[in-house]
Amino acid sequence: MVRQPASPNLILIGFMGAGKSTVGRIAAATLGRELLDTDAMVERAAGVPITEIFRREGEEGFRRRESSAIDDAVGAAGRVIAVGGGAVLSAENRTVLKQAGFLVYLRATPETLARRVGDVTDRPLLNVPDRVGRIRDLLVARGPVYETAGDLTVDTDRSTPDQLADQVIRWYREQTDQVML
């Protein structure tokens, strides 16, 4: 019996509100894969919400926990992984993720991101009066990192989650067909 090589992970990156978790759920279900959301993993491991981690340990403490969650998430192949918005700012995280699979950058405008995030207060970096302005400022810093880290960039402003998942899955299958040859 010939053993097939393990499929690379499908890793979704982008700013909070870009659709990583939603598109990830659809993609995982369609591909019959496990979905891991690193933000949810961090919360489960800590036993408290991310806002509480930020309050107790600051962003640095959260980022340490996030790196550990990424290491766990990439521990097996063939997963769909939704990575927290700031995770790829770490060169070490980018290296780990790139070695583990294909990265898809889900991109959206600051206005779209602010609308999707809405009035929730569990986003520590966005608890400011001018969310669109804050998102714009963060994207100035993060955008180039997302762009270079992603193997594919998908604009999410004018598509439904199902359409986005379909686009990502088609691309992923093309990539994995090439890898498996």
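The values are calculated or read from the model by the stated rules, or taken from the named source; none is laboratory data. Here the structure is a predicted model, which means the values were calculated and not measured. Backbone-built Cβ (ideal geometry, glycine too); neighbour counts: all protein chains shown. What goes into the accessible areas is simple: the full protein's heavy atoms, side chains included, and nothing from ligands, DNA or RNA. Shrake-Rupley method; radii C 1.70, N 1.55, O 1.52, S 1.80 Å.
A few comments on the model shown:
- Degrees, to the nearest 10: 131-149 long Cα axis against longest axis of the chain: 30
- Cα-based Rg and Dmax for the chain, where Dmax is the largest Cα-Cα distance (Å): 16.1, 61
- Computed from Cα atoms, the angle from the helix 161-180 axis to the main principal axis of the chain rounds to 40 degrees.
- The stretch 1-85 - percent of accessible surface contributed by carbon and sulfur, probe 1.4 Å: 48
- The stretch 20-133, accessible area per residue, ligands and nucleic acids excluded (1.4 Å, Å²): 48
- Amide H contacts of I81 (H built 1.01 Å from N, in plane; Pro and chain starts excluded): L10, I11, L12, L36 sit under 5 Å, all sequence-distant by 5 or more or on other chains.
- Here the label points at R44 and D177, each 7 Å from Cα along the C-beta direction, are separated by 3.3 nm in the simple model.
- Between E111 and T153, full extension at 0.36 nm per residue minus the direct alpha carbon distance yields a gain of 13.3 nm.
- For the stretch 1-90, the list of GluC sites (Glu not before Pro) that fall in a loop by DSSP and count at most 14 other C-beta atoms within 10 angstrom reads E34.
- T160 paired with Q99, simple spin-label distance in nm, labels 7 Å along Cα-to-beta-carbon: 4.0
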